Amino acid sequence: MAAWSAACLVVVLMTTNPAYKAMVLAAALSSLAAGAGLRRLKTPVIAIALVAAFAAMLNFASAHLGDTIIFSLPSVIPGLGGPWTLEALAYGLAGGITIGAAILAAAPFSLILSAHDVVDALPRALSRTGAAIAASLNLVPSIGATFVQVSEAQRMRGWRPRGPRSWAEVVVPVVLTSVEGSLQLAESMEARGFGSGPRTFLAPSHMRPADWAVVASSAVALGLFIASTVAGWAAPWAAYPTLTLPAVDPTPLLACLFLFAPVVAWRLRR
């Protein structure tokens, strides 16, 4: 999955064309749905959608550029005054797609892969770095689970949100619980002799044919898209000064289709 994530990130950051970015977003979303399930995706997708919408609206409100004016505000309003254009909205939406695709491309490390799988994939010299990465990958889901548990427990005690200050009754226990969990993790690692010798494996993970197929598909997608960019087939897109539809070429589009390989791999694995 690391090769697939890297290919998605390179493609989505290399091009300015929102059509190809949307293809990467669709590939990442469908791959995660096939691997992790739709239930686990609900909360991350909502959070990513909110972040992307905020990025789009921020550009829409701040970039007073473009020929197609939707409406105008008095120029005396700081920051918001001036023309609000369709081009600024389109460029903001393209930025939101970029953010969503990039986050979802890296999401398999926390939603699909186990922490020990990430550590085992690293070279022996990076075992300590891998342990830190694994701990950080487990941090966000554990904090999310703790937040849900604490908020539900507080609601059973009669707590109701009454403003920003009232959330301290939830945030403080979540922080304290996270610190306590980190201390327990450090004590457990010390009790197991972490750092006293080379890392051992109970059951080493092996690459399956489906995994090699995903790696090969990712390499093909990356190679095709880079070649398309060099040859000029993956035409760039600019929203300003006048909005135009992005040009789509079959070759870079085919490269993006190879990024859907994890969907097939996860279906075969089941």
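The values are calculated or read from the model by the stated rules, or taken from the named source; none is laboratory data. Everything quoted here is computed from the prediction, not taken from an experiment. Cβ atoms come from the backbone with ideal geometry, glycine included; neighbour counts cover every protein chain shown.
Below, the figures for the structure above:
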item: Only listed residue being in contact with a helix residue (DSSP H, G or I) (Cβ under 6 Å, 6 or more places away or on another chain) and not charged (D, E, K, R), chosen from Leu176, Leu222; result: Leu222
item: Enumeration of residues in region 216-270 that are buried (at least 19 other Cβ atoms within 10 Å of the Cβ) and of a type in the set (A, V, I, L, M); result: Ala221, Leu222, Leu224, Ala234, Ala239, Ala255, Leu259, Ala261, Ala265
item: Matching entry among Ala6, Ala26 (being surrounded by fewer than 19 Cβ atoms within 10 Å (Cβ to Cβ), closer than 21 Å to Ala235 by Cβ and within 13 Å of the chain's Cα centre (by Cα)); result: Ala26
item: Count - residues of region 90-124 that are modelled with pLDDT of 70 or more, out of contact with any Cys (no Cβ under 6 Å at 6 or more places or on another chain) and of a type in the set (A, V, I, L, M); result: 13
item: Residues that are touching an Asp or Glu at 6+ places or on another chain (Cβ under 8 Å), in a loop (DSSP other than H, G, I, E, B) and not aliphatic (A, V, I, L, M), drawn from region 47-92; result: Gly66, Asp67, Thr68
item: Residue in region 34-54 that is surrounded by 20 or more Cβ atoms within 10 Å (Cβ to Cβ) and within 25 Å of His206 (Cα to Cα) present; result: yes
